[in-house]
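Remarks on the structure that follows.
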Amino acid sequence: MINVDDSLLMSYVDGELPPEQRAEVEAAIAHSDDLSGRVAALRASCLPYRAAYERQAVPPLPESLTRRIEELVSVTTPHQRAAERRGRRWPVQWAAAAFVAGAICSGVLTGYLGGANPLRPGVDPWVRSVADYQVLYGRDTVANIREDKVSTEQVLADIHQRDGMPVSVPDLRQAGLKFKRVQRLNYHDRPLVQMVYLPERGDPVALCIIEDGQGDAPVRSQQVGEMKTVTWRANRLAYVLLAKDTSVDLQRMADGIASGQTGQLYGKLPQEDPRSS
């Protein structure tokens with residue numbers, strides 16, 4: 001039986017395997033729920049940055065930022081460099097967007113940009129990293145993503161089983177938001193769940209969740225760079241709802257999610273939180 005590790009799965013998802021090896025991997029996936037779930041998670045984390053940025057007139061990157069990106073690339077892990085293979089022929093503008101998407105996984109960007117993007121007092125580092133990541137999302141970045149029920153349920157099941165995080169996808173259709181995708185990212189080796197929604201007009205809205213051992217905290221609004229954010233903590237999970245578009249009523253949506261009044265699209269859980277038992 002072929003040994004299927006994450007690197008091989010990534011090559012499979014990227015379509016880089018020769019036919020014979022691809023057939024072997026597909027056979028292994030067909031007989032393993034774990035491999036099937038990992039493939040679904042990898043596919044869910046692939047955003048069409050290139051297609052989105054090809055449609056936009058991207059301004060030239062400042063030389064200083066280009067140097068910083070090159071420095072950051074030099075300190076990423078081999079796993080991250082493998083993920084960057086998909087963009088190795090992109091212009092640096094596309095590479096910048098794709099790289100930041102990978103950099104959040106290790107927390108590399110947190111505080112690194114120094115004076116250009118300093119950490120502000122009262123802003124959790126993970127919230128700052130998420131804001132730095134989410135600011136790269138334009139409408140075109142996610143507009144062509146189709147909601148995939150099977151993939152979404154597999155990713156959530158993986159999060160529930162592997163990470164023990166009782167998360168679900170809120171139904172924000174009444175607020176005019178269409179659910180697009182859920183992803184399992186990493187921040188300093190901690191699972192970070194990102195859910196992306198698209199309003200009828202304007203830029204995407206994201207809900208991100210991470211494990212947090214601090215006590216519960218009420219809903220609070222805060223501007224973080226270009227992003228409008230609303231944060232709260234409950235049941236050892238920390239939440240941030242964020243968007244660039246100030247016309248979106250994040251506070252009202254966050255109040256509904258935090259109070260349990262908002263319905264769920266995916267990942268419905270029993271009334272009793274398993275973490276409290």
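Name the single residue that is nearest to the chain's Cα centre (by Cα) among those in region 1-25 being exposed (fewer than 14 other Cβ atoms within 10 Å of the Cβ) and among the acidic types (D, E).
It comes out as D6.
Name the residues in region 104-137 that are at pLDDT 85 or above, under 20 Å from R184 (Cα atoms) and not polar (S, T, N, Q), would you?
Step one: list which residues in region 104-137 are at pLDDT 85 or above, which gives 123-132, 134.
Okay, now just the ones that are also under 20 Å from R184 (Cα atoms), so 124-132, 134.
Residues satisfying the conditions are D124, P125, W126, V127, R128, V130, A131, D132.
Listed here are the residues, each with its yes/no results for (1) crowded, with 18+ Cβ neighbours inside 10 Å; (2) touching a Ser or Thr at 6+ places or on another chain (Cβ under 8 Å); (3) not in a strand (DSSP E or B).
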| residue | (1), (2), (3) |
| --- | --- |
| G213 | no, no, yes |
| P218 | no, no, no |
| Q223 | no, yes, no |
| Y239 | yes, yes, no |
| D245 | no, no, yes |
| Q251 | no, yes, yes |
| I257 | yes, no, yes |
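Would you tally the residues in region 136-164 being under 19 Å from Y197 (Cβ atoms) and part of a loop (DSSP other than H, G, I, E, B)?
Residues in region 136-164 being under 19 Å from Y197 (Cβ atoms) and part of a loop (DSSP other than H, G, I, E, B): 8 in total.
Kindly check whether there is at least one residue in region 168-182 that is in a loop (DSSP other than H, G, I, E, B), of a type in the set (A, V, I, L, M) and outside the structural domain of D124 (by TED's automatic domain parsing).
yes
Would you mind telling me which numbered condition in (1) in contact with a strand residue (DSSP E or B) (Cβ under 8 Å, 6 or more places away or on another chain); (2) modelled with pLDDT under 95 V150 fails?
(1)
Taking the conditions exactly as written (farther than 19 Å from E153 by Cβ and free of Cβ contacts under 8 Å to residues at least 60 places away in the same chain), does P204 satisfy them or not?
The answer is no for P204.
Would you please name the residue that is surrounded by the fewest Cβ atoms within 10 Å (Cβ to Cβ), looking only at residues in region 183-211 that are charged (D, E, K, R) and part of a strand (DSSP E or B)?
R190
How many residues, within region 225-237, are closer than 10 Å to A131 by Cβ and assigned to a strand (DSSP E or B)?
Adding up the residues that qualify gives 3.
The values are calculated or read from the model by the stated rules, or taken from the named source; none is laboratory data. Since we're looking at a predicted model, the values are computed, not measured. Glycine gets a Cβ as well: all are built from the backbone with ideal geometry, and neighbour counts include every protein chain shown.
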